Structures are given as structure tokens and as C-alpha cells.
Amino acid sequence: MQFNVPLSEWTTHAALSKWIEETILQCQPARVHLCVGSNEEVDQIAAQMVEAGILVPLAKRPGSYWCHSHPDDVARVEESTFICSEKKEDAGPTNNWKEPSEMKQHLKSLFAGCMQGRTLYVIPYCMGPLGSPLSRVGIEITDSPYVVINMHKMTRMGRQALDQLKNDPFIPGLHSVGVPLKEGQQDEPWPCNPKQRVIAHFPEEKSIFSFGSGYGGNALLGKKCFALRIASAMAREQGWLAEHMLILGLTNPEGVKKYIAAAFPSACGKTNLAMIMPSLPGWKAECVGDDIAWMHIGKDGRLYAINPEAGFFGVAPGTSMKTNPMAMRTIEKNSIFTNTALSDGDVWWEGIGSEPPEALTSWLGTPWDGKSPAAHPNSRFTVPMTQCPIYDPAAEDPEGVPISAILFGGRRHNVMPLVTEALSWNHGVFLGASLSSETTAAAKGEIGKLRHDPFAMLPFCGYNMGDYFAHWIDIGKHTSASKLPRIYSVNWYRKDAEGKYIWPGFGENARVLKWIFERASDKAPATTTPIGQIPPQEALDLSGLQTDYDSLFSIDKDNWKKELQDLKEYFQRFGTHFPKELARELHHLEERLK
Ligand code: GTP
Ligand code: SPV
Ligand code: MN
């Protein structure tokens with residue numbers, strides 16, 4: 001077997017060496033590349049991909065590339081994602097489950113010889129700041145060079161991760177695109193195996209296997225597979241939280257800074273809020289993370305968050321200098337664009353803020369027809385976080401940042417008001433558990449369909465969601481109520497009778513953040529309604545906006561009674577795993593709505 005460096009020189013970690021050797025025997029690659037994580041290393045891999053016609057360098061964005069995927073491999077595949085706990089009950093009613101030994105048997109046959117003709121890459125990566133006691137190390141073995149160059153931007157990868165690991169246990173993740181190459185067989189530009197796709201998690205053993213997809217969260221195993229599904233199971237055992245949340249620092253005109261975390265389902269606005277340019281004069285936001293937060297109670301009893309990632313894998317369509325200027329500046333260089341459209345030396349997408357250029361290659365790699373979307377709705381950019389002009393230096397703080405408020409929000413064209421404050425921690429947990437949202441292109445399947453997505457974790461919770469609710473209730477008992485962040489429900493997506501968004505969103509969301517910030521300083525009033533506290537008209541700055549307060553905050557009792565009925569039915573699915581504290585919150589809501 002041909003290695004770029006001898007295994008024994010690369011690591012002395014016995015369990016790691018053994019796993020690599022076993023995997024080589026199982027997957028039968030043609031070559032092995034042990035990643036060190038240097039820029040030269042990834043530049044070389046990228047150059048080979050350019051040579052092979054997989055990546056197109058972008059003359060107008062230094063160090064950047066465009067590529068497009070197979071049309072059947074464009075988003076997360078929830079129907080092929082499994083939680084393989086020993087007991088089905090431990091996966092719960094919201095996850096697909098397979099008995100572990102049965103799944104292992106199936107994986108064994110899938111992975112046998114699956115890397116023939118390809119290079120097997122070993123990627124050590126650290127989730128979280130280097131040197132942080134809260135960080136965790138994973139090792140991904142993959143046959144996709146695309147995964148290597150993306151992991152280099154998304155995580156602290158290579159030598160530095162091995163140094164962090166020392167001789168400790170790691171989270172193994174085995175990934176293959178699932179297309180072995182016979183002697184002399186020409187490779188495809190985006191090899192994948194949609195028919196045999198499976199993304200399997202073993203939360204007890206804490207391992208990950210992903211087969212058949214090369215796209216995003218299916219293939220970059222540090223992200224959803226480790227930092228959410230496996231990490232949520234670890235967090236439950238160890239008394240912390242692994243969440244689908246952005247983290248942002250907000251500084252008011254007086255120079256006081258507070259941190260806010262927010263959970264919105266996929267493609268519902270985390271990246272945009274994480275990099276917000278507040279429309280209100282004197283307010284400043286800084287970005288700690290845009291997708292995942294690991295949170296724990298600190299020594300002072302407050303909730304602290306780190307961002308386990310080192311990069312953004314952000315939705316391209318809709319990103320413009322008007323909606324998200326900080327993202328636009330972040331992606332001026334050293335970025336990978338997947339499934340956007342390609343113009344002369346640059347990229348283009350719907351909502352970028354300019355007319356489509358004359359000659360445009362669509363995300364399918366063919367001349368754009370001018371009718372169907374030029375960029376896939378789930379096309380994305382990959383870029384290191386450090387390039388963000390408002391990257392918060394505290395994002396590297398090994399202890400994390402103290403969280404003053406937690407937001408839950410989804411796409412709801414009606415029912416949910418612009419913002420509601422929870423009456424207590426347990427009521428806040430109830431708001432998180434009650435989250436529903438209209439589906440987006442981030443996952444395969446129908447778009448715009450309302451579904452329950454508790455805590456924006458429906459596709460990402462690695463254990464029984466009822467137990468997850470109970471874990472959140474439990475966290476609230478580990479410190480005093482005054483130290484816990486207040487919890488909010490927000491909705492940027494209410495529509496009028498014509499189907500147009502009522503709320504301008506983006507930078508204007510700062511108006512809502514301002515009220516939340518001032519609530520955290522006990523400086524803003526609130527009005528109590530049956531569903532929670534809302535800002536009274538005078539406490540929310542709507543000056544200069546076309547929208548009126550009532551259209552944003554009206555609470556339709558009939559709609560809410562339907563919402564309540566639906567929640568009652570939904571929560572029954574969790575049976576005895578549904579915490580009594582949330583049953584009590586449901587009952588209180590019913591009483592208040594009478
Ligand atoms: P994932 O990366 O899939 O987890 O998504 P995300 O939550 O980070 O979503 P993102 O911020 O990328 O937003 C997804 C889409 O929603 C983009 O097309 C945005 O332009 C749009 N969007 C974001 N914020 C707002 C908002 O405040 N109002 C409106 N109307 N659209 C928004
Ligand atoms: C999401 O779907 O929530 C994402 C994109 O953040 S992916 O990494 O592909 O899961
Ligand atoms: Mn996400």
C-alpha cells in the first residue's frame with residue numbers, strides 16, 4: 001500500500017493506527033493519504049481536482065473554486081439517516097432506527113472494497129477551539145477529496161487535531177461515496193451512490209458510518225453527525241447541551257456586550273442572524289458561530305457556549321450585499337461554492353442582488369436555460385470563519401461565551417408572532433419543544449410543508465427526543481433561575497393576505513434583538529399574553545418601517561386553539577418519555593387560552 005507518510009511517523013496512537021489498518025483492509029483503497037492539515041496539502045489536493053475537472057478555479061475570487069454535485073446528491077437525506085441504539089425506544093419516535101448488529105452487518109457488505117481505485121484520506125479534526133477542555137476530536141476516513149478540502153475549512157484539521165487528541169479516545173467516522181473504480185475505469189465528476197445511501201450513528205459506541213453521498217452534512221461528518229447527533233448523546237451523559245444554534249455577540253450603543261444563541265431549522269436564518277448588520281444606529285454584532293453551539297453551565301452558574309466548527313457551510317441563494325453583507329465579504333476569497341451557478345470567473349445565484357450575467361452555467365454544469373433556478377436552492381459556500389469581518393475573537397475562548405438569551409424560531413406564515421418571551425425556563429423549554437416550521441431545500445423532500453421540528457433538532461437529535469426535552473428541563477435545575485438565559489420564540493416569516501412577508505427581516509431583526517437585549521438588562525417592559533410576554537408597542541422600535549404592530553403581534557385565539565390541539569397530539573407520541581413539566585406547561589397554556 002502506498003502511503004504519503006508512514007503511518008508510524010504520522011501517529012503513535014495505537015487504537016487509531018489499528019482502526020486505520022483495519023479500514024484499509026476492509027475498503028481496499030489504491031492509496032492512503034494521512035492528512036497533516038497544511039495549506040500546501042489542500043492546495044495540492046485542490047489542484048488535482050482542478051486537473052480532473054471537478055473544481056473550477058474562480059479568477060474573481062482568489063483561492064476559490066466552483067463545483068457542482070450529482071443532481072441526486074444535493075441535500076441532507078433524512079430518510080436514509082439512522083440512529084442505531086441498542087433499544088429502539090432510545091432512538092425515540094422521531095428517528096429512523098435499525099438494530100445495531102443488523103446495521104453493522106449491512107455496513108460491512110457496503111464498505112467491503114468500496115474504495116477500490118481511490119485514495120483513502122484520514123482526516124483528524126478538532127471540534128472546538130484548540131486547547132479547550134470542551135473540544136472533542138474526531139477522525140474521518142473518506143475517499144472523497146472534496147470532503148478533505150471542505151473539512152480543512154470547516155474544522156481545525158490535521159496535525160493540530162492529533163496534538164489535541166494525544167492518546168485519548170476519538171470519535172471515528174467512516175465515509176465513502178460508494179463507487180469503487182475498476183482497473184482503468186474513468187471516474188465520474190461527482191461519484192455518489194444514491195440507491196445505497198445510508199448515514200448511520202451508533203450513539204452508545206459513539207461512531208459514525210456514511211455511505212453513498214458526498215454532499216454537506218451527509219459527508220462532512222464533523223458537522224451534523226458528530227457535533228449534533230453523537231454530541232447530543234454525549235451531552236446528555238455528561239450534563240451539557242449540543243444544539244443547532246448560532247451564537248452572536250451584541251454590543252449596545254453604551255458598549256455593553258451580551259451573547260445570544262438561536263435555534264432555527266435548516267435554511268431558516270441562522271447564518272443571516274449570526275452575521276447581522278444591525279439597522280439601528282450604534283448597535284454592533286459579532287459572530288461566534290452560525291450553525292452549532294455546545295453549551296455547559298460554567299463555574300459562575302451561567303450558561304456558556306462554544307462553536308465547535310471553524311467554518312461556515314452557508315446557504316448561497318438569498319445572500320446579497322443587502323441581506324447579508326458580512327457573508328458576502330467573508331466569501332470574497334478562499335471559498336468553495338457548491339451548486340451555485342458559474343459565470344465568467346465568478347459565481348451567481350438567485351437573490352445575489354445583480355442580474356444574471358449573459359453567459360451562465362447552471363448548477364447542473366450546463367448552459368442556463370433562463371427559466372429553472374440557475375443555482376440549486378440548497379447551493380452553499382464553504383469558508384473559514386476567521387475571514388468574517390465581524391468574527392468575534394471570543395470565538396477562540398476555550399471557556400466559551402456567556403449566553404444571555406436563547407431564541408427559537410421557524411418559518412411560520414401565520415399564528416406565531418414576531419417575538420414572544422417565555423414565562424420561565426420550563427416554559428422556554430416548552431417553546432423549544434413546540435417549534436414547527438415550513439420545510440426548506442436543506443433536506444430532500446417537499447418544500448413549504450409545516451412540520452414539527454422541536455428545538456430545530458428533529459433531524460439531529462441522537463437519542464429519544466422525549467428524553468432530550470427532559471434533559472433541557474434538567475439543565476434548568478443545575479443553576480439558579482436568575483443565572484439562566486431568558487428564552488424567546490421568534491418568527492421573521494409571517495405573511496400578509498397577498499403572501500408577502502410582513503417583516504423586512506435581516507438587519508431589521510436588530511429591532512427584536514434590541515428588545516431582547518434590554519429585557520436581559522431588566523430595562524424593557526413586557527405585556528403578558530396567553531402565549532407568553534410580548535413587547536408593548538412603545539418598547540419595540542418600528543420607526544421608519546412600513547409594517548404595523550398589530551399585523552406582527554396579533555394572537556388569533558382560534559388559530560392558537562388549533563395549535564394547542566395539534567401540540568397535544570404531537571406530544572403524545574413521546575409517551576412516558578414526555579416530561580411532566582412540559583405536560584404542565586401544555587395544561588397552563590390551555591387554561592390561559594380559555
Ligand atoms: P442551515 O445552514 O441550513 O442550518 O441554515 P440557516 O439557518 O443558517 O439559514 P440561512 O441564514 O442560510 O438562511 C436561509 C435562507 O433564509 C436564505 O435564503 C436567507 O436569505 C433567508 N433568510 C434569512 N434570514 C431571513 C429573514 O430575516 N427574513 C427573510 N424573509 N428571509 C431570511
Ligand atoms: C443544515 O441542513 O442544517 C445544514 C446544512 O446546516 S448540512 O451541513 O448539509 O446539514
Ligand atoms: Mn444547519
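The values are calculated or read from the model by the stated rules, or taken from the named source; none is laboratory data. Please read all numbers here as calculations on a predicted model, not as lab measurements. Note: ideal-geometry Cβ built from the backbone for every residue, glycine included; neighbour counts use all protein chains shown. Areas reflect the complete protein model, heavy atoms only, side chains present, ligands, DNA and RNA absent. Shrake-Rupley method; radii C 1.70, N 1.55, O 1.52, S 1.80 Å.
For the listed residue pairs Lys270/Lys500; Lys153/Lys257; Lys257/Lys523, the alpha carbons are over 18 angstrom apart in Lys270/Lys500; Lys153/Lys257. Listed values for the stretch 520-533 are Karplus-derived 3J(HN,Hα) couplings in whole Hz (6.51 cos²θ - 1.76 cosθ + 1.60, θ = phi - 60°), namely 5, 9, 6, 10, 10, x, 9, 9, 7, 10, x, 9, x, 9, and x replaces Gly and Pro. For the stretch 95-166 versus the stretch 198-245, the spacing of their alpha-carbon centroids is 11 Å. Taking the C-alpha atoms only, the angle from helix 580-593 to the longest principal axis of the chain is near 40 degrees. From the alpha carbon centroid of the stretch 405-467 to that of the stretch 546-580 is 11 Å. What the phi angles of the stretch 123-130 give under the Karplus curve with 6.51, -1.76 and 1.60, with θ = phi - 60°, is a coupling list of 10, x, 9, 10, 8, x, x, 4 Hz, glycine and proline written as x. Can you give the local net charge around Asn193? Use residues other than it whose beta-carbon is closer than 12 angstrom to its beta-carbon, Lys and Arg +1, Asp and Glu -1. Result for the local shell: -2. P(r) tail for the chain: Cα pairs beyond 47 Å make up 11% of the total. In the calculated pair-distance distribution of the stretch 211-303, the portion above 20 angstrom amounts to 47 percent of the Cα-Cα pairs. Per the Debye calculation on the stretch 312-383 with a single equal scatterer at every Cα and no solvent contribution, log₁₀ I(q)/I(0) for q = 0.18, 0.20, 0.27 Å⁻¹ amounts to -0.61, -0.76, -1.35. Here is the list for the stretch 310-392: trypsin sites (Lys or Arg not before Pro) lying in DSSP coil, each with at most 10 other C-beta atoms within 10 angstrom of its C-beta, are Lys371.
List the trypsin sites (Lys or Arg not before Pro) within the stretch 100-167 that fall in a DSSP loop (any state other than H, G, I, E or B) and whose Cβ has at most 10 other Cβ atoms within 10 Å. Taking the stretch 100-167 and a limit of 10 other Cβ atoms within 10 Å, the loop trypsin sites (Lys or Arg not before Pro) found are Lys166. Model label sites at Gln546 and Asp187, defined 7 Å from Cα along the beta-carbon direction, differ in position by 5.0 nm. For the chain, the fraction of 1.4 Å probe accessible surface lying on carbon and sulfur atoms is 51 percent.
Here the chain is scanned for GluC sites (Glu not before Pro) in DSSP loops (not H, G, I, E, B) that have at most 11 other Cβ atoms within 10 Å, and the longest stretch holding none of them is 1-182. Ranking Asn95, Ala341, Cys67 by Cα position along the charge dipole of the chain, where only Lys, Arg, Asp and Glu carry charges on their C-beta atoms, puts Asn95 farthest toward the positive end. Amide H contacts of Gly178: Gly212, each under 5 Å away and 5 or more positions distant or on a separate chain (H built 1.01 Å from N in the peptide plane; Pro and chain starts excluded). Taken about its Cα centre, the stretch 312-383 carries a charge dipole of roughly 320 debye when the Cβ of each Lys and Arg holds +1 and the Cβ of each Asp and Glu holds -1.
Residues whose amide H comes within less than 5 Å of that of Leu120, counting only those at least five positions distant or on another chain, are Ala30, Arg31, Val32, His33 (H built at 1.01 Å from N in the peptide plane).
Using θ = phi - 60° in the Karplus curve 6.51 cos²θ - 1.76 cosθ + 1.60, the 3J(HN,Hα) couplings for the stretch 481-487 round to 4, 5, 8, 6, x, 6, 10 Hz; x is entered for Gly and Pro.
Around the amide H of Phe82, modelled in the peptide plane, lie the amide H atoms of Ile199, Ala200, His201, all under 5 Å away and 5 or more residues distant in sequence or on another chain.
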